[in-house]
Amino acid sequence: SQLLEERYGIKPQDSLDTWIKKLKDKGIKVLDNLSRSFIINLIADLIEPESMHPVFVTDLYTVLCPLAKRKKENPLLSERFELFIGGIEVANAYSELNDPIEQRQRFEEELNILAEGVKIIDEDFLLSLEYGMPPAGGLGIGIDRLAMIFLDQASIKDVILFPLLKP
């Protein structure tokens, strides 16, 4: 959150329209609707020049993390971190949201952002949360990305055992 605020003046409480206006004011080409992947790529672009050494990105906006718990001290931020090494995201981790009411609200908010006609909510997932899910967290590590770094390879295709598209 600090990087977005320093570079673009974006704060966690800003509306989508405010994000778009602030990004356009800084010369960023933006459509009238921001996708989560666009925002995550924007964050990655901010981190890349600083991440030749390992960088942990924390305090990601809750709106970008629909399955992660909110921070108790600031509900606009999530209990999530990402690890970047050499400009590459290597790990992603967060505390799982296990409140079915809040999860439904987030899914419904997400539907308002998605394209018209997309109206799917994972009711089975929400039902399982209603039965009860204990506090949980997860960490995903890109072993292939670590191999790229350790072997000093520029392309992930060079370290995958069975790539679909080999030169």
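The values are calculated or read from the model by the stated rules, or taken from the named source; none is laboratory data. None of these values were measured; they are calculated from a predicted model. Virtual Cβ from ideal backbone geometry, glycine too; neighbours counted across all protein chains shown. Each accessible area value is taken on the protein alone, full model and side chains, heavy atoms only, with ligands, DNA and RNA left out. Shrake-Rupley method; radii C 1.70, N 1.55, O 1.52, S 1.80 Å.
Contact list please: Cβ distance under 8 Å, first residue in segment 36-48 and assigned to a helix (DSSP H, G or I) and hydroxyl-bearing (Ser, Thr, Tyr), second residue open to solvent by less than 10 Å² (accessible area, probe 1.4 Å) and at pLDDT 75 or above, pairs at least six apart or on different chains.
none
Out of the residues in segment 1-18 that are modelled with pLDDT of 75 or more and part of a loop (DSSP other than H, G, I, E, B), which is surrounded by the most Cβ atoms within 10 Å (Cβ to Cβ)?
It comes out as Ile10.
For segment 11-42, how many residues are under 14 Å from Thr62 (Cα atoms) and of a type in the set (A, V, I, L, M)?
Residues meeting the conditions: 3.
Tell me whether segment 33-41 contains one or more residues that are in contact with a strand residue (DSSP E or B) (Cβ under 9 Å, 6 or more places away or on another chain) and open to solvent by less than 40 Å² (accessible area, probe 1.4 Å).
yes
Looking at Lys21, Lys29, which is the one that is assigned to a helix (DSSP H, G or I), modelled with pLDDT of 80 or more, open to solvent by 70 Å² or more (accessible area, probe 1.4 Å) and basic (Lys, Arg)?
Lys21
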